[in-house]
1. For the residue pair residue 422 and residue 452, what label-to-label distance in nm results when each label sits 7 Å from Cα along the Cα-to-beta-carbon direction?
2. Quote the relative contact order of the chain in percent (integer), defining contacts as alpha-carbon pairs under 8 Å separated by 6+ residues.
3. What spacing in nm lies between the two simple spin-label points modelled at residue 206 and residue 268, each 7 Å away from Cα in the Cβ direction?
4. Mind running the shape call on the range 74-167? Use the C-alpha gyration tensor, a ≥ b ≥ c as the square roots of the eigenvalues: rounded below 1.5 for a/c, prolate if a/b tops b/c, oblate otherwise.
5. Suppose R0 equals 35 Å; then what is the FRET efficiency for residue 463 and residue 75 from their Cβ-Cβ distance, rounded to the nearest 0.05?
6. By counting other Cβ atoms within 10 Å of each Cβ, how are 388, 460 ranked from fewest to most?
7. Stick to the Cα atoms of the range 334-483, pair each with every other, and give me the Kirkwood hydrodynamic radius in Å at one decimal.
8. For residue 368 and residue 431, what does the FRET efficiency come to when R0 = 56 Å and r is the distance between their Cβ atoms, rounded to the nearest 0.05?
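Since every read-out is calculated from the coordinates, none of them should be taken as a lab result. Computed from a prediction, not measured in an experiment: that's the story for all the values here. All Cβ positions, even for glycine, are placed from backbone atoms using ideal geometry, and neighbour counts span all protein chains on display.
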Ligand code: FAD
């Protein structure tokens, strides 16, 4: 009897110890005791802050983030990832500037958010070699400031510069320069990456090239980018910034496609930036992305005979050095002559190069002052093949949107041959494809629901008309949808995940792979 009691008691104690081991969060203890140089925070307010992103689509009620780590070095990132691989494993998501829409920089399950933040040393410019080395959490605005001190700048941008290098390189990084230089991921020479196994690997075209291509556009799945070496060129001083309007979509898209066909020509024979937007309701001619139409704008949309109530604005720029101002005007006139816009609709302005690149920040400050920045953004970004863009115009701009937009809609074409097919990013299977970006905001729950439904309708319309669009900054919640998204690239994407993050601890907020418990 005594023996039985001892056995039962020992068994009960073992069970108790095991239960405690499983329920107390040993991971947290581990994180706090791995000797980081940087900071670890478990403050409720900080944990909550990282559960929000720019999308603000819902606050994730469940408390999934156990700690926020602010690494002070590459070594700190390695320590966190290595700790995450020990039993029991936990998720690790790098967070650049948290400007995702659907919680991609969150962990979505018990884990640690690594707030990459600014590099300790700041960007290092290699003047002679014409590249810059930057920490993965560095913001593009700081990269620009650092390189401009040497009269240099990266070639390919995003419209907004308060995004981190690691964040945009995990997607692609696109803007009006992409037709000529490719996305930002086409302008990287080398990366340092902490893989999901906690190994530090330097990769490039020549070295560990599998990892290099996988990480570019890889949605954070294979490793945390701690250093990127980015190509530079001499920076221009000023920018002539031009907008012209079209009332006919075919003419608009024909002109946009003509302008991007000039890629690779000498700078004097092409524009430096080609974008555009759709104006579905009159209020939007002066929205936050198009504020340079003056309030005393003499052009009334109603007078322009808009095709189906919709107008299209082509936005182009020409970079120049102060000394070349005269020849720049001639070059612009020569190019404008080849276009077929509404002759009375030309708006031109002239700004310093840095002000042009940083243009959206100005709009951000205005919106912030009115409390209109930190609100919900049910954004939808699509790559639409050129062969279907007219159908998209008819079905969506002139159909589903019903003359109401709640935010800017960007549209511009890109050349596929400027994208490296070995990167993880997926684009339509045509030589030219368009970005169509619905950058909309919702002040209240009703508008949010309305716009979310409209996004679903747009996706259904594309699916039913077999348009073969691809989401940019993709968001899916089922494995099948992800496999469909990646198409032919899925096998490689999956193989790279098995190789570099076999426990699937990284960037779980993307909802691609189930975490291995
Ligand atoms: P986060 O939201 O912090 O992270 C995004 C993803 O990348 C997450 O999965 C995260 O885990 C991962 N990640 C972050 N850092 C690293 C790292 N160092 N290593 C590995 N993975 C990492 N995009 C364009 O291409 N062109 C535009 O013109 C453009 N304009 C925008 C304007 C605004 C106002 C906003 C809000 C977004 C815009 N975007 C644009 C989208 C933007 O590029 C992406 O959302 C990008 O991911 C945001 O960068 P971030 O630093 O905030 O990333």
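1. If labels sit at residue 422 and residue 452, their model points lie 4.1 nm apart.
2. Numbers: 1036 pairs, mean separation 87.5, N = 517.
Result for the chain is 17 percent.
3. 3.5
4. Values: a/c = 3.66, a/b = 1.85, b/c = 1.98.
Cα axes put the range 74-167 in the oblate bin.
5. Details: r = 47 Å, r/R0 = 1.33.
Computed FRET efficiency for residue 463 and residue 75 comes out at 0.15.
6. Details: 388 20, 460 11.
The most exposed by this proxy come first: 460, 388.
7. Details: mean 1/r = 0.0558 Å⁻¹.
The answer is 17.9 Å.
8. Numbers: r = 40 Å, r/R0 = 0.72.
In this case the efficiency is close to 0.90.
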